[in-house]
Amino acid sequence: MTDFANRSIEQQRQLWLEIAHGAVQRWALRPQKIRWLGRGSNAVFRVTAANDDLVLRLHPPGSSNAARLRSELGWLTSIRRDTNLLAPCPIAASVDGREQLSLELRHDWLPQLAIVHAALFEYIEGDSKKARDLSADDISRVGEYLGVLHREAQLKAAGDVEGPRLDWDGLFGEDSPYATPYETGFELAEQGDLIDRVAQQLRPPMSMLATKPDAMGLIHADLLAKNILFRADSIAALDFEYCGWGFYLYDLAPLLWQLKGERASDYIALEEAIWRGYTSVRPLDEDDRSLLETFIAARQIASIRWLRSNIQNPELRSFAPALIAERCEELKVFLETGILRRSTPTL
């Protein structure tokens, strides 16, 4: 076993490619090509086999768990089966005569008991757009998609969902999907105190919202521009990794948070566009809209915790501490003004 965490970017990519080749064999595929797509929390590959294009996602050890992944894949299956929404369809592998939507993999370069979770999805054709290129109409369509997701794809009660909860405790507590063992020890004391103060400021409005009927359900929780594909007659949401039971309004926050940083000059019009699209499907009142800033600030904290959690990723560790410090400075302004103003980059 090699000290994998200290390997270079290229060495780590080579490991993931070896695991990817082993994984697709477990799905009984003979790939013509496996192409690296990227590495954030996970390693992602595009797999070309026969006439099919597929996407393989590998979860590094400690970044996920079987229950959380099972919940995500089950929801995606139901979305594709029971709604007209376009989202990645999981592909089952046959294991001892039984179909499984995810597999557990091991590799000699990893610690003996370390498990990589693997999932395979259909590849969806569509156009990806940078946040700077999104029109108000594009963003309104995203709002409509989320409205339909929240209205028509709610198939379980909170107690039946195995994935994370994204209520106040789930967003800010130790059991948050944004927390991993790598987060421990990375936090500076003053940063931790700042985040705690912001979290406590957000507790009353979230607690009040949680008492309202139809305020919570299954949400995507990470719908940034990179996770949206545009087609002629529809859009598709990608990467449901962080999905769970949470506040519906939080689902609007990732894209709004991104637009605050990259489209400050026309942000107000873009916020209006996503709200108009969303409420055309799920009518809400202005009191609900006033809570958007609360969830955008929550997203800022989630981004900080995500950076901490992925500090061992060689593509992040060189700049993550400085970026975290800058985002904490933005949180200080939020504490003073109630408005999050962003200039830090979106990854």
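The values are calculated or read from the model by the stated rules, or taken from the named source; none is laboratory data. Note that this is a predicted model, so its numbers are computed, not measured. Reconstructed Cβ throughout: ideal geometry from the backbone, glycine too, with neighbour counts over all protein chains shown. Side chains included, ligands, DNA and RNA excluded: accessible areas come from the protein's heavy atoms. Shrake-Rupley method; radii C 1.70, N 1.55, O 1.52, S 1.80 Å.
For the chain, a simple Cβ point-charge model (Lys and Arg +1, Asp and Glu -1, everything else neutral) yields a dipole of about 740 debye relative to the Cα centre. Taking 7 Å steps out from each Cα toward its Cβ at D169 and E326 produces label points 3.6 nm apart.
Pick out which of F319, F45, F247 has the largest mean-square fluctuation in a Gaussian network model of the chain, springs linking Cα atoms closer than 10 Å. Answer for the Gaussian network model of the chain: F319.
Once the chain from K33 to Y267 is taken as fully extended at 0.36 nm per residue, the excess over their C-alpha distance is 80.1 nm. Lys/Arg Cβ at +1, Asp/Glu Cβ at -1, dipole of the chain taken about the Cα centre: which of S64, W27, W275 is farthest positive-ward? Selected residue: W27.
Based on the Cα atoms of the range 11-162, what semi-axes does the equivalent ellipsoid have, where each is the square root of 5 times one gyration tensor eigenvalue, given in whole Å with the largest first? Walk me through the numbers before you get to the answer.
Details: eigenvalues 157, 81, 51 Å².
Each semi-axis is the square root of five times an eigenvalue, giving 28, 20, 16 Å.
Projecting the alpha carbon convex hull of the range 181-266 along each direction and taking the average yields 8.6 nm².
What number comes out for accessible area per residue over the chain if the probe is 1.4 Å? Units Å², please. Before the final figure, lay out the partial values.
Values: 15840 Å² over 347 residues.
The answer is 46 Å² per residue.
Roll a 1.4 angstrom probe over the protein heavy atoms and tell me the percent of accessible area of the range 86-240 that is carbon or sulfur.
Numbers: 3730 of 7900 Å².
Solvent-exposed carbon and sulfur of the range 86-240 make up 47 percent of the total.
Our summary of shape: the Cα atoms of the range 196-347 have principal axis extents of 44, 40, 32 Å, ordered from largest down, in whole angstrom. The sum of -39500 (n - 2.57) across all DSSP H runs of n ≥ 4, divided by the residue count of the chain, sets its helix-only mean residue ellipticity at 222 nm to -13000 deg cm²/dmol.
What do you get for trypsin sites (Lys or Arg not before Pro) in the range 318-347 restricted to DSSP loop and a cutoff of at most 13 other Cβ within 10 Å of the site's Cβ? Intermediate results must be reported in sequence, preceding the final value.
On the way: sites: R327, K332, R341, R342; in loops: R341, R342.
Loop-located and lightly packed - R341.
Rounded, prolate or oblate: which one fits the range 221-261, using the alpha carbon gyration tensor with axes a ≥ b ≥ c (rounded when a/c is under 1.5, else prolate when a/b beats b/c, else oblate)? Oblate. The heavy atoms of W109 offer some 60 square angstrom of accessible surface to a 1.4 angstrom probe. So what does R80 come to for accessible area, using a 1.4 Å probe and Å² rounded to 10? In the full protein context, R80 sits at about 80 Å².
Distance from the alpha carbon centroid of the range 72-112 to that of the range 229-293 works out to 27 angstrom.
Under a GNM of the chain (C-alpha, springs under 10 Å), which listed residue has the highest mean-square fluctuation: E72, E286, E162? Highest fluctuation among the options: E286.
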